[in-house]
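The values are calculated or read from the model by the stated rules, or taken from the named source; none is laboratory data. Here the structure is a predicted model, which means the values were calculated and not measured. With ideal geometry, Cβ positions are generated from the backbone for all residues, glycine too; neighbour counts draw on all protein chains shown.
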Amino acid sequence: MKKSILFGLSVLVLAFAMMVVACDNDTTTNGADDWSDITSLSQVNGTWKGSLTESETVDGITITQTVEITLIINASATTASGSLSITWSFAGAGIAEAWEGIKVDFEGMDDDLTFNDSNHSITYTETIPSTPFTMADVAGWQINGNGTQIRGTIDEEFGVMTLTKQ
């Protein structure tokens, strides 16, 4: 009788252990919230897009900066290319009076700036040609558990950005 009780308990413990090991507790994110360091360029092969928006108010004028990045990584060729767009939008009670001065501050900084007088915004666009891309370029970057997002510092000015696989 003792053997059958011990055997029964052992089977129950084994069954419980198998259930715990086999159980997928992550029913909503499929591992998307599990971030780990990128260890191979093959993990980031493909097209990635992301944006970041920040705002601040200076002298009653709200400045909103939106950065949009498309990054195309070719892991087998160890290259990357893409595009960058930065838009500064200005709003507030005194923007009509300040707009011409703001434009003067930006004019001459870069030929790739576009001024939109109707909505008081300035846009910078750049196409990034194919350049060498190695693991050193993604040092400190992470990828989520299901491989749909990467995050890292694109540029110190913009901080950490999250890009989504397209």
Is it the case, given these coordinates, that Ile63 is in a strand (DSSP E or B), over 14 Å from the mean Cα position of the chain (by Cα), modelled with pLDDT of 95 or more and among the β-branched types (Val, Ile, Thr)? yes
Out of everything in segment 139-159 that is out of contact with any Leu (no Cβ under 7 Å at 6 or more places or on another chain), hydrophobic (A, V, I, L, M, F, W, C) and modelled with pLDDT under 95, what residue ends up being nearest to Val44 (Cα to Cα)? Ala139
Do we find a residue being within 18 Å of Thr153 (Cβ to Cβ), part of a loop (DSSP other than H, G, I, E, B) and modelled with pLDDT of 90 or more anywhere in segment 23-36? yes
Can you find a residue that is at positive phi and touching a strand residue (DSSP E or B) at 6+ places or on another chain (Cβ under 6 Å) anywhere in segment 102-121? yes
Looking at this structure, is Gly46 on the phi > 0 side of the Ramachandran plot and in contact with a strand residue (DSSP E or B) (Cβ under 9 Å, 6 or more places away or on another chain)? yes
Thr70 under 30 Å from Glu107 (Cα atoms), surrounded by 10 or more Cβ atoms within 10 Å (Cβ to Cβ), hydroxyl-bearing (Ser, Thr, Tyr) and at pLDDT 50 or above: yes
Report, by residue number, each residue of segment 128-151 that is in contact with a Gly (Cβ under 7 Å, 6 or more places away or on another chain), surrounded by 15 or more Cβ atoms within 10 Å (Cβ to Cβ) and either free of Cβ contacts under 8 Å to residues at least 24 places away in the same chain or of a type in the set (Val, Ile, Thr) (or both). Val138
For Ala96, are the conditions met, namely being at negative phi, small (Gly, Ala, Ser), more than 22 Å from the chain's Cα centre (by Cα) and loosely packed, with under 12 Cβ neighbours inside 10 Å? yes
Specify the residue that is farthest from Met135 (Cα to Cα); the eligible residues are those in segment 45-102 that are touching a Pro at 6+ places or on another chain (Cβ under 9 Å) and among the β-branched types (Val, Ile, Thr). Thr79
Does Thr125 satisfy the criteria of being out of contact with any Phe, Trp or Tyr (no Cβ under 6 Å at 6 or more places or on another chain) and in contact (Cβ under 8 Å) with a residue 40 or more places away in the chain? yes
